[in-house]
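Only one structure is covered here, and it is reproduced in the block below.
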Amino acid sequence: MNPMLLAIDIGNTNVVAGIFDGSTLLTHWRLATDPKTTADEYGVLCLSLMVRDGRVSQQITGAIISSVVPALTETFESMVETSFGCTPITVSPDMDTGLTLKYSNPKEIGSDRIVNAAAAYEKFRRDLIIVDFGTATTFCAINRDGEYLGGVIAPGLIISADALFTRAAKLSKVELVRPKTVIGTDTAGSIQSGLIFGYAGLVDTLIQRMVGEMGRTSYVIATGGLAPVIAPEARSIQHIEPFLTLHGLELLYRRARGASLTQWL
């Protein structure tokens, strides 16, 4: 059996887990984030998904966790120890990320943002802006010298949509898809236009302002569950990396183990 790494990204809406053989992502799962779910329950889910994908728990010889939900961090640490028999590494600002964190208080940076920045800089080695479309939409700026400069946090697209539907009694929920025209000819199309094209405008404006402050052209990368919805409409986004966070976790695991960038066991 080939030894494998379990990488877990605990977000506010979903938990995304992936299994790596070396630096190759073999499979990934998306679970609902629920602080009421126990370590045993998450363990059963993960083990069942492994069986479905033709893997066995004994293949997992290492694990790493990124969490922005403190109530679930210990739950998943316990789950990994009990279900997979190994002690996971949990991402923190004190880790060797290959970056210099210029944030006034690095402990305030979400671990997902650190992981994304480390992965993107390792791959591209240039001035970067990373847009992560999750529960919140985060923007991170990294310069060519590997300095994490800071960023922006905005309400996510789903949060914005839910606020609209909650506060406007006559508006019903719509599917978050691109409408045929900007000028809607019915209520659903009008809402979709405002959400999709309006949010793309927010993204483009913030990126334009960030580039202006950085003082040089930056390569703009999108990631996160909603990236495929907004990125095609945002003129400033140049590349989509759907599994940037998982690959960042694999990178940080290798760094933490002191392994080379091609071998982590």
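The C-beta contact set for region 109-126 (first residue buried (at least 21 other Cβ atoms within 10 Å of the Cβ), second residue of a type in the set (Asp, Glu) and in a helix (DSSP H, G or I), distance under 9 angstrom, 6+ apart or interchain) comprises ALA119/GLU250. The residue list ASP145, ASP162, ASP132 contains one member that is at pLDDT 95 or above and over 16 Å from the mean Cα position of the chain (by Cα), which is ASP145.
Looking across region 1-24, the residues that are part of a strand (DSSP E or B) and farther than 14 Å from ILE60 by Cβ come down to ASP9, ILE10, ASN14, VAL15, VAL16, THR24. Against the condition part of a helix (DSSP H, G or I), at pLDDT below 95 and buried (at least 21 other Cβ atoms within 10 Å of the Cβ), how does MET50 come out, does it pass? The answer is yes for MET50.
Evaluate region 106-113: report whether one residue or more is among the acidic types (Asp, Glu) and farther than 23 Å from LEU157 by Cβ. Checked against the condition, which is being among the acidic types (Asp, Glu) and farther than 23 Å from LEU157 by Cβ, region 106-113 yields at least one hit.
The values are calculated or read from the model by the stated rules, or taken from the named source; none is laboratory data. Because the structure is a prediction, the values reported are computed rather than measured. Positions of Cβ are backbone-derived with ideal geometry, glycine not excepted, and every protein chain shown enters the neighbour counts.
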